[in-house]
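The values are calculated or read from the model by the stated rules, or taken from the named source; none is laboratory data. Only a predicted model underlies this, so the values are computations on that prediction, with no experimental measurement involved. Cβ: placed from backbone, ideal geometry, glycine included. Neighbour counts: every protein chain shown. The accessibility values were calculated without ligands, DNA or RNA, using every heavy atom of the protein model including side chains. Shrake-Rupley method; radii C 1.70, N 1.55, O 1.52, S 1.80 Å.
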Amino acid sequence: MTVMSSDRYVVYTGNSATTVFTYGFKIYRPEHAKISLLEIATNTVTQLTDSEYSITGVGYTAIGGNVTYPLAGDPLASTHKIIIERIVPYVQEQAISNQAGYRPETVERSLDLLVMQTQQLEEGYGERSLRIPSFEATIAELPLQTIRADKLLGFDSNGNPVAV
């Protein structure tokens, strides 16, 4: 099935009642799912382990599903956010043989994974770039080169970059 959406993550704020959180994008394998908690007051992100949540809708034919968190205990409080992301590795695991029959679903899955990788790259632009978390609502631009020349990059009270 074709990747029809550029969505690759969703963020929910806890409400002390909800334990099932939906996502509407493809996740082919369980290891492609990254589920994290953000503590709003400290801006601390903690990645959950597989034993702390359950996930449905994972597979080649699914187009979304649900994450249940927590599996036991109190629902997520309004002091936290849950982040559901799809992270695919940057590898090409599919070997297409010259002597085998043509299997369009195999080719399409490989192309889908390339699109998913491209979506990740678009989000981060590489490991050596200055980035903000993908789940933050706004992305500010750097000041113009003429304004930032001979200055240090800082941030104002709203978290926007400024030249100081």
Fill in the blank from the handout: Options (i) 35; (ii) 31; (iii) 46 are given for percent of Cα pairs over 25 Å apart, and the computed one is (iii)
Practice task
With a 10 Å radius around each residue's Cβ, average the other Cβ atoms per peptide and rank 64-72, 99-107, highest first.
Solution key: 64-72, 99-107
Exercise for the section: Please give the solvent-accessible surface of GLU93 in Å², to the nearest 10, using a probe radius of 1.4 Å with every protein chain present. Expected result: 120 Å²
Practice task
Work out the FRET efficiency for LEU121 and ASP7 from their Cβ-Cβ distance, taking R0 = 22 Å, and round it to the nearest 0.05.
Solution key: 0.90
Practice task
Note the angle between two axes, namely the Cα long axis of helix 104-124 and the longest principal axis of the Cα atoms of the chain, as a number of degrees from 0 to 90, rounded to the nearest 10.
Solution key: 10 degrees
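So how much slack lies between ALA41 and GLU141, counting 0.36 nm per residue of separation and subtracting their Cα-Cα distance, in nm?
This chain segment gains 33.6 nm when fully extended.
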Practice task
Using a 1.4 Å probe and counting only protein heavy atoms, arrange ARG29, ARG148, ARG86 so the residue with the most accessible area comes first.
Solution key: ARG148, ARG29, ARG86
Handout entry: Gain on full stretching of the segment that runs from VAL164 to ILE132 - 0.36 nm per residue minus C-alpha separation
Key = 9.6 nm
Handout entry: Relative contact order (%) - criterion: Cα under 8 Å, at least six apart; region: the chain
Key = 25 percent
